[in-house]
Amino acid sequence: MHPNLAFRQTPQERNIAFAREQGFGILAVGTEAAPLMSHIPFLLSEDGKIAEFHLVRSNPIARRMSDPMQASLAISGPHSYVSPDWYEVEDQVPTWNYIAVHLVGEIERRPQEEMHNLLDRQSAHFEDQLLPKPPWLTAKMTPDVLTKMMRQIVPCRMRVSEIHGTWKLNQNKADEVRLRAADQLEHADMGVQTNVLARHMRDLP
C-alpha cells in the first residue's frame, strides 16, 4: 500500500465495508516464478475475517491448493489522474488518486459439497442489488445441467489475517487546494468513477 501514512488513516470498519460493497478483486499468490493472479467475485463476512469465493477447477491457483497457502486479495475502487494545474498553486506534480483495500490471509479449498450453498449465497448477494428485478436462483436451472456446471468450479475460503486500506484523496494538500482538484476531477472523466472519487475528496473530515 502507499507508504504515506496520510492516506492510510481510514477506520478498519470502513475498509471492510468498502471491500464488501465492491465484491470483486484480484487474488494473488506467490510462486517460484511470477505471481499467479485471478479476477474473482467474493463474499466477505461482516467482521472482515472470512472471504469466500470459487475458482474454475482448471485455474492454476486452484490446482496448487492441495494445502492451504498465503494469498492477497486486492480490491480497487474509483481512481483518476490528477493534474497539478487543478491545484492552482505553484510547484506541484501530477499524481493519481485512488481507493484500494488489500486482504491478506490463508486460502484453502473447501469440500465440494459446499459449492451449491456458496453459489446460492453469491448470486443472492449480487441479485439483491438489482432490485426490483426478480432474483435469479439456481432452482431455475435443470438439475443435471447445474450439477455438471458445478463440477467445473471449486469452493474456496480465505481466513483474513490483515486488512490494509489506501484512500489517496489529496489529504496532504490544504482543504481549498484539494476541493479545487475535486471540482476539476469530477468532470475530467479520465479514470473510473471520477464523480465518486471527487465526492470522497470533498467528504474528508
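Yes/no per residue for (1) in contact with a Leu (Cβ under 8 Å, 6 or more places away or on another chain); (2) farther than 25 Å from residue 125 by Cβ; (3) without any contact (Cβ under 8 Å) to a residue 60 or more places away in the chain:
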residue: 4; (1), (2), (3): no, yes, no
residue: 25; (1), (2), (3): yes, no, no
residue: 28; (1), (2), (3): yes, no, yes
residue: 32; (1), (2), (3): no, yes, yes
residue: 50; (1), (2), (3): yes, no, no
residue: 53; (1), (2), (3): yes, no, no
The residue from 52, 46, 32 that alone is of a type in the set (D, E, K, R) and in contact with a Phe, Trp or Tyr (Cβ under 9 Å, 6 or more places away or on another chain) is 52
Restricting to region 7-45, name every residue that is surrounded by fewer than 15 Cβ atoms within 10 Å (Cβ to Cβ) and assigned to a loop (DSSP other than H, G, I, E, B).
9, 11, 30, 31, 32, 33, 34, 35, 45
With (1) touching a residue at least 40 places away in the same chain (Cβ under 8 Å); (2) within 24 Å of residue 188 (Cα to Cα); (3) in contact with a strand residue (DSSP E or B) (Cβ under 8 Å, 6 or more places away or on another chain); (4) not hydroxyl-bearing (Ser, Thr, Tyr) as the list, and residue 105 as the residue in question, which single condition is left unmet?
(2)
Of these, 74, 100, which one is hydrophobic (A, V, I, L, M, F, W, C) and crowded, with 19+ Cβ neighbours inside 10 Å?
100
Within region 122-145, count every residue that is surrounded by 13 or more Cβ atoms within 10 Å (Cβ to Cβ) and of a type in the set (D, E, K, R).
1
Six or more apart or on different chains, Cβ under 8 Å: which pairs go from a residue in region 69-80 that's within 17 Å of residue 96 (Cα to Cα) to one that's part of a strand (DSSP E or B) and aromatic (Phe, Trp, Tyr)? Could you list them?
75/24; 76/98; 77/98; 78/98; 79/96; 79/98; 80/96; 80/98
Heads up, the helices (runs of 4 or more DSSP H) in region 104-205 (entirely inside) with at least 2 residues that are small (Gly, Ala, Ser) are 115-127, 175-186
Any residue in region 64-73 that is under 30 Å from residue 146 (Cα atoms), in contact with a Leu (Cβ under 9 Å, 6 or more places away or on another chain), at pLDDT below 95 and not in a strand (DSSP E or B)?
yes
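The values are calculated or read from the model by the stated rules, or taken from the named source; none is laboratory data. A quick note: this is a predicted structure, and the numbers were derived from the prediction, not measured. Positions of Cβ are backbone-derived with ideal geometry, glycine not excepted, and every protein chain shown enters the neighbour counts.
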